[in-house]
Structure formats: structure tokens, C-alpha cells
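The structure under discussion appears below in the form of C-alpha cells.
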Amino acid sequence: MATRNALRGRPHLVYVGLGVGGFVAALPFVWMLLASFMTRGETLRRVFAPESVQWANYHQAWNEADFGLYFENSLLVAALQVVGTLFFSLLAAYPLARMEFRGRDTVFAGILATLMIPETVTMVPNFLTITWLHRATPFAWLNSWPALTIPFMASAFSIFLLRQFMRGVPNDLWEAAHIDGAGHVRFLFQIMLPLCRAPLLTVGMFTFIGSWNSLAWPLLVTNTPDWRPISVGLQQFVSEAGAEVHLQMAGAMIATLPVLLTYFLIQKEFTEGISMSGLKG
Amino acid sequence: MHGTTFFYAAVLLVLWGCGGQDASAPPNQPVGLEELDPSGQEVVFWYQHTRERETALEELIAEYNATNAHGIVVKGEYAGSYGDIYNKMVVGIQGDALPSLVVAYQNQAMAYYRDGGVVDIEPYMSSPKWGFSPEERKDFVEAFIKQDFIGGAQVGFPPNRSLEVFYYNADWLAELGYGEPPRTWDEFAQLCRLAAERPFSRSENKERSLGFLIEADASRLASLVFAHGGDLANADGTAYTLDAPAVRQSLAMLRELLQQGAIELMGEEYGDQREFAAGQVLFMLRSSSGLPFVVSAVEDGSNFSWSVTYPPKEVAEPVVNVYGASVSLCKTTPQQQLAAWLFIKWFTEPAQQARWVRASNYFPVRRSTARELGDYFEKNPRYQAAYALLDYGKSEPSISSYQQVRRMIQEAMVEIVEGGNIDRALADLQQEANRTVYE
């Protein structure tokens, strides 16, 4: 409190602090951008900026690691995962937030408890389930999109986020809709859904980033490039002999752009979604 | 990145242990091997190669597919780094989702074998119909094949090998008044101190000048320990010897040099290559397979004269850490296993070995390959210099828990080199490492 009072009336100090924080946060990204335009010699000598901009790095990175295919795969997998996660999270969050039934809080506590299980621990059971499904069903699960998306469509964090938001929606809306003859399904999709825009976009953003950045699971369930994501493409620039830093950074820039773009597009809703769900610190 | 890989590996290993695999399961011996027909089999091969090496390997595979008499079709698949492949194999063994052939280090192959994921290759090697003739068998460097013979089984077969060689900046050495690389560790230490005081004339950043960048890595330590006359495990591979005098001497030397500012711990992956190429580090300990990478990096960097040799030593003969992943035959069907073996056999023939050497810069495993590499030796004198060290090769432990122990070694190296209590750290390391042997 004393610090806050001391800063009041001295906004320049706040701006300097924020500026320093922003600079530190942006520095790795700026370095990645600059290194992506360097020659290999410049990355070896650790110069700060390239003498001349090497656009060819992007061309080479795109072509050498088959980035076109990986990029397309990542987009498709992320889109499927976002749609699936939103759908199932919405259906799970609504009854936990708005319906009274026995054991509701226990179910919710159980879902929350799964947040404490590290992803690596569920990897083996997930893989065994997927291989069993691959053999037992007529669909190809391994080396295809189902293995990459379906296991992650039930997300405890997304359910929690949406449930927190839905609990804050006034009950009057439900009562009015109920008087007009709406059931829970209609209320969910016609009234609640439009209200949940911000948390839905937040959930979508988190899911998109998670899917886009995943590496260990895709490598486990795919053996060919047909469905492999862009993170696998980035790995191609590191060999046993050494890393091609300039190409790696050009590849990383290409891989980062969709995430940045998505964030800039939904920045306002993202912040709103986080603050409304009670996650704000 | 490595941290994550090891974390995954550790978690998977624990889960694997809980998975009820029968560690005493008998190895899958081919029944009626001579009568088997491998015709038309599909062989899936998981490897870690990328870019030029992957292209060359795929070309060789395509040639095999087009020319083999049995209509065997090999499908090469990039399966990630060694760590990723290990993870895939660990879960693949449980889920029965295995390839036919997989790249594996000796300790990894042993772990797969123990859990019934790979089979003993010896029956294939000695098969009168499908195996090697006595002349062919003699042509192989026996020490390489023996690296994969663990616990009475041939758990892998070497398609190539590398050495951990000592890279040195010859121009900088000359500036320091030395015409030869250091031959003893005392000389090495002296030169590291000199390098820290007198930067290389062609270095662009004279503020930073070091003798050596040590990577906290078990293979780097193994090289140092071997050259101090020691080993990381006992001769029969039943226990680690990580508190032995040679380990202590190696780490004490590094610690002293670090405290004097003559060397540093490597903080960035491949940082030693980058700084060596930039003329900021005088020596480097690295795989011989990285030679072409260093050639182009130095050309792009400070462009100086450099070469490779054996590490400084405290023993009469040079000792060089020889390593390299082998390929293991996964437990599939007898026909598929045979087909996979036939591909390995073809791949290790001198003509194919020579092509693979040219593309990968690995060392061949058959002596007669050298006859086909005359022009390559001529064009790549540093490769030839490294090749001449093959007779001095010594391997790291083939104990199946070595993967876990590597991580422990890495942590102990950092602790000791940064000033921790060397006696306590090595005693703890030895105890923890040996516990993994009996688990």
C-alpha cells in the first residue's frame, strides 16, 4: 500500500518500470527476429544486428523443413482441437455452473483434481488407449488427426474457466427464458453462448497455443510427416553435428506468427475472459 | 530441451517399470531361421537423422528397395531425437506399436531387450544362409560389434561409429608459441590459462577468450576420465566407478581451471562449437561426426587453421571415447525380423558404407571400406586424422541404467565444477548410480 501511495503522482516511475519490464520480456523475441535475418557467420560471432537482411533464411527454412506441410497440419490440428475443446467444455461447464444435481460439487472437485496430474503421467495411458482404439475401431487413430486432437478435447482448465464465468451470469436471465419455454439446451446455446464470448475466446486461445506448441505427444503418435505439426519441423534444424541458428530462428518466427496474430486479434477479450473468471491475481 | 527429454524419460521409465513387463522374459529366438522367407516384408526403420543425412539414408533405402532380391520394402521414418525415440520405444513396447528397426544407444537397446522389445541379433549374424561369411565377419571392427554385446546378447548392430576428438585452433596455438596440441593435461591446463590471457588475433570479441568450454555431459566426462586412465564402470559392467581417482582428477582439474577463469561451463547447447568457430575458445571436445559442421562454421567465423587429435593423456597410449548409436531389431514377426536383418547386412556392405560415410561423416564399421575412401581421405584430412585414432577407441558403459546415470553425472559435474564438495558429490553420485544397477 505504501509503495502504491509513493508511486501515485509519479506516473513516470511506473512507465519506466513498465518499460524496463516490457523491454526484458521483448528482448528474446527481438533477438529471435534479428537472428532470423543473419548469416550463419553473424550468429556465430554473436553480432547484435545483421549487416544485411537475409530474407533467404525464411525461404530456406520454409523449403528445407517442409514447413508448408507442417504449418498446414498445425493449423488443422489446432482448429479441430479448439472446436472440440470449446464444445465439450461448454457442455461440461454449464451443468456444473447452472444446474442443481446430487454430487455436482464432487464431480467438479474431481475435474479440478485432474489439473494436478502432470501431462507426462497421462501420456502412457493415453498412448495405450489410442493404440487400442487404432486396432479395435475401423478408424485410423495413430498417424492421423484423432490421436492428435481427441485426447485433449476434455480440458479441466477450460471447464473451470467457463464454469466460473457462467456462475456470474444473473439467474434472472434463466428465469425469464424458462418462463418463455426455453429448456437448458436452448438457454445454453441461445442466451449463454453469446454472453460467454470472452471466456470462450480465452479458452480457444489457450487451446490453440497448447496445440501449436506441442511436440512430445505428436512425435509419439505420428511416424510420418502427414500429420506432424510445425514443432517437429523446427527440430529438423538441430542435428547431431550442431544447430543452424539462423534457420532455426527463421523457422521459429514462422511458427510464432500465428500465435502472435491470434493474440493481437483477441487481446481485449482474452484479458476480459481471464479477469471475469476470477483468475486475475 | 534436454531437461524435458530426461524428465519424460524418467517418468516413462517409472511407468514402464510399473507396467508389469516381465524382465525375465526369454529373448525372442528365431525359430527355423534358415527356412524363413522374408519375401515381400515391410520394414519400418525409426531413425534420428535430419537434412543431408536423412536424404542420403533415404536414397540408400530407395536403392535397397529397388534392388533387393526378396522384394523387401524398407520405410524410413524420422522419429525425433535419440530421447524422443527412446520415449516412443518405451511406450511402443507397452502398446505393441514397434517399428522393425530402431536406432539405439547400447544402454537403450539393453533396456529394450530386457523388456522384450528387441531381439538378439547373434543368430542372424551367424546364420549359414542369412549371416556373414567368415571373411565378412573378420572385416568388421570387432570392438564395435562387441559394444552391443551385452548380457550375453547382441542387442544391436553398428552401422557406423564416431569418436570424441580434441579440436584445436592451430593458428592460435602458434600465437601462443606452440606448434603442437597439448599431449598432457598439465600442458592443456597451461595453454587454457595462456588462452584466457592472450586472445586470438582474429577473434572479433577479444573481451572473451577461453581455453575450453566444458559441457556438463557424461560423454565429455568419459573422454576426460579415459584419458586420465580410468573408466566410468568396472570391466564387467556390473557397477559404476564414479568415485574413482581418475574421475576425481578430471573434475578437480576442470574446477581449478574454472576458478582461474581459463575455462567455463557451457551454458548454451553447441556453445562450444559457436565460440570455437568465432576464435574465442582454443580447444573443443566433440564428436568426429561434427567435422563438416565445424569446417563450415570456422569458414563463416574467424577462418583459421585447425585440426583434430586425441585428447591429452596421462597414460602411455592415447584413449579416445568411441561411441555411436547402433540399430536394433525389434520384436515383430520372424519374417519381418529377418527382412530387417537383411537390410542391416546390406547397409553394412563396404559399397554402402562408403556412401554413408561420405554423406554422414561417420566412421565405417568394416575395415575394407577404407579402400573405397581414398579420395575422401584426401579431400578431408581432418577426417583421416580422426579415422587414424580408431584403434585407440574405448566405450562408455553399456549398463542399461546408464541413460538415468548420465543425468546424475551431469548434475554432479555442475555441482563439483562450480565449487561443491568433490568428495561428498562423488560419493553420492556413486551410491545413486549403483542403486540404479540393482533396481
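The values are calculated or read from the model by the stated rules, or taken from the named source; none is laboratory data. Only a predicted model underlies this, so the values are computations on that prediction, with no experimental measurement involved. Neighbour counts are summed over all protein chains in view; Cβ atoms, including those assigned to glycine, are modelled from backbone coordinates with ideal geometry.
In the range A:29-53, which residue that is over 16 Å from B:ASP300 (Cβ atoms) and within 13 Å of another protein chain (Cβ to nearest Cβ) is surrounded by the fewest Cβ atoms within 10 Å (Cβ to Cβ)? Before the answer, list the steps.
So in the range A:29-53, the residues over 16 Å from B:ASP300 (Cβ atoms) come out as A:29-34, A:36, A:48-49, A:53.
From what's left, within 13 Å of another protein chain (Cβ to nearest Cβ): A:31, A:48.
Values: A:TRP31: 12, A:PHE48: 10.
Out of the qualifying residues, it is A:PHE48.
Restricting attention to the range B:406-439, which residues are closer than 16 Å to B:GLU215 by Cα and crowded, with 17+ Cβ neighbours inside 10 Å?
Listed by number, the residues that qualify are B:ARG406, B:ARG407, B:MET408, B:ILE409, B:GLN410, B:ALA412, B:MET413, B:GLU415, B:ILE416, B:VAL417.
Condition first: more than 21 Å from the chain's Cα centre (by Cα), in contact (Cβ under 8 Å) with a residue 60 or more places away in the chain and within 14 Å of another protein chain (Cβ to nearest Cβ). Now tell me which residues in the range B:280-305 satisfy that.
First pass over the range B:280-305, keeping only residues more than 21 Å from the chain's Cα centre (by Cα): B:280-282, B:296-305.
Filter once more, so that each one left must be in contact (Cβ under 8 Å) with a residue 60 or more places away in the chain: B:280-282, B:302-305.
Across the range B:280-305, the qualifying residues are B:GLN280, B:VAL281, B:SER302, B:ASN303, B:PHE304.
Restricting the first residue to the range A:1-24 and requiring it to be modelled with pLDDT of 70 or more, which pairs with a second residue that is assigned to a helix (DSSP H, G or I) meet a Cβ separation below 7 Å and a spacing of at least six or different chains?
Every condition considered, the pairs that remain are A:LEU13/A:LEU7; A:VAL14/A:LEU7.
From the list B:ALA109, B:ALA143, B:ALA97, exactly one residue is free of Cβ contacts under 8 Å to residues at least 12 places away in the same chain and either within 14 Å of chain A (Cβ to nearest Cβ) or in a helix (DSSP H, G or I) (or both). Which is it?
On the way: B:ALA109 fails: free of Cβ contacts under 8 Å to residues at least 12 places away in the same chain; B:ALA143 fails: free of Cβ contacts under 8 Å to residues at least 12 places away in the same chain.
Testing whether each residue is free of Cβ contacts under 8 Å to residues at least 12 places away in the same chain and either within 14 Å of chain A (Cβ to nearest Cβ) or in a helix (DSSP H, G or I) (or both) leaves just B:ALA97.
Across the range B:62-94, which residue is farthest from the chain's Cα centre (by Cα) among those that are of a type in the set (Val, Ile, Thr) and at the interface with another protein chain (Cβ under 10 Å from one of its Cβ atoms)? Spell out the reasoning first.
Kept after step one, since they are of a type in the set (Val, Ile, Thr), are these residues of the range B:62-94: B:67, B:72-74, B:85, B:90-91, B:93.
When the remaining residues are screened for being at the interface with another protein chain (Cβ under 10 Å from one of its Cβ atoms), the result is B:85, B:90-91.
Details: B:ILE85: 15, B:VAL90: 20, B:VAL91: 23 Å.
Of everything passing the filter in the range B:62-94, B:VAL91 is farthest from the chain's Cα centre (by Cα).
So A:PHE270 clears everything in (1) within 11 Å of chain B (Cβ to nearest Cβ); (2) surrounded by 19 or more Cβ atoms within 10 Å (Cβ to Cβ); (3) modelled with pLDDT under 90 except one condition, right? Which one?
(1)
Scanning the range B:264-320 for residues that are in a strand (DSSP E or B) and of a type in the set (Phe, Trp, Tyr), which turns out surrounded by the fewest Cβ atoms within 10 Å (Cβ to Cβ)? Show your work before the answer.
Filtering the range B:264-320 down to residues in a strand (DSSP E or B) leaves B:264-265, B:281-287, B:306-309, B:320.
Next, from what is left, pick out any that are of a type in the set (Phe, Trp, Tyr): B:283, B:306.
Working: B:PHE283: 26, B:TRP306: 22.
If we take residues in the range B:264-320 being in a strand (DSSP E or B) and of a type in the set (Phe, Trp, Tyr), then B:TRP306 is surrounded by the fewest Cβ atoms within 10 Å (Cβ to Cβ).
Among the residues of the range B:238-263, write down those that are surrounded by fewer than 24 Cβ atoms within 10 Å (Cβ to Cβ), out of contact with any strand residue (DSSP E or B) (no Cβ under 7 Å at 6 or more places or on another chain) and not in a helix (DSSP H, G or I).
B:THR238, B:ASP243, B:ALA244, B:GLN260, B:GLY261
Residue check, B:ARG51 against (1) modelled with pLDDT under 95; (2) within 11 Å of chain A (Cβ to nearest Cβ); (3) within 22 Å of B:ALA109 (Cα to Cα); (4) surrounded by 12 or more Cβ atoms within 10 Å (Cβ to Cβ), all met but one. Which one?
In the conditions (1) modelled with pLDDT under 95; (2) within 11 Å of chain A (Cβ to nearest Cβ); (3) within 22 Å of B:ALA109 (Cα to Cα); (4) surrounded by 12 or more Cβ atoms within 10 Å (Cβ to Cβ), B:ARG51 misses (3) alone.
Identify, from the list B:PHE200, B:PHE188, B:PHE212, the residue that is among the aromatic types (Phe, Trp, Tyr), modelled with pLDDT of 95 or more and in a loop (DSSP other than H, G, I, E, B).
Values: B:PHE188 fails: in a loop (DSSP other than H, G, I, E, B); B:PHE212 fails: in a loop (DSSP other than H, G, I, E, B).
Step by step, each of B:PHE200, B:PHE188, B:PHE212 is checked, and only B:PHE200 is among the aromatic types (Phe, Trp, Tyr), modelled with pLDDT of 95 or more and in a loop (DSSP other than H, G, I, E, B).
For the range A:33-89: of the residues being polar (S, T, N, Q) and touching a Leu at 6+ places or on another chain (Cβ under 8 Å), which is farthest from B:GLY279 (Cα to Cα)?
Keep residues of the range A:33-89 that are polar (S, T, N, Q), which gives A:36, A:39, A:43, A:52, A:54, A:57, A:60, A:63, A:73-74, A:81, A:85, A:89.
So of that shortlist, the ones also touching a Leu at 6+ places or on another chain (Cβ under 8 Å) come out as A:57, A:60, A:81, A:89.
On the way: A:ASN57: 25, A:GLN60: 27, A:GLN81: 48, A:SER89: 56 Å.
For the range A:33-89, the residue satisfying everything is A:SER89.
Being closer than 23 Å to B:SER395 by Cα, touching a Phe, Trp or Tyr at 6+ places or on another chain (Cβ under 6 Å) and in contact (Cβ under 8 Å) with a residue 40 or more places away in the chain narrows it down to one residue among B:ALA252, B:ALA222, B:ALA233; which is it?
Values: B:ALA252 fails: touching a Phe, Trp or Tyr at 6+ places or on another chain (Cβ under 6 Å); B:ALA222 fails: touching a Phe, Trp or Tyr at 6+ places or on another chain (Cβ under 6 Å).
Exactly one of B:ALA252, B:ALA222, B:ALA233 is closer than 23 Å to B:SER395 by Cα, touching a Phe, Trp or Tyr at 6+ places or on another chain (Cβ under 6 Å) and in contact (Cβ under 8 Å) with a residue 40 or more places away in the chain, namely B:ALA233.
Name every residue in the range A:227-276 that is outside any helix (DSSP H, G or I) and under 17 Å from B:PHE293 (Cα atoms), in order of residue number.
Once the filter is applied, which keeps residues that are outside any helix (DSSP H, G or I) and under 17 Å from B:PHE293 (Cα atoms), the range A:227-276 yields A:GLN236, A:PHE237, A:VAL238, A:SER239, A:GLU240, A:ALA241, A:GLY242, A:ALA243, A:GLU244.
Can you tell me which residue is modelled with the highest pLDDT among those in the range A:226-253 that are touching a Phe, Trp or Tyr at 6+ places or on another chain (Cβ under 7 Å), within 11 Å of chain B (Cβ to nearest Cβ) and closer than 22 Å to A:VAL77 by Cα?
The extreme case among them is A:ARG228.
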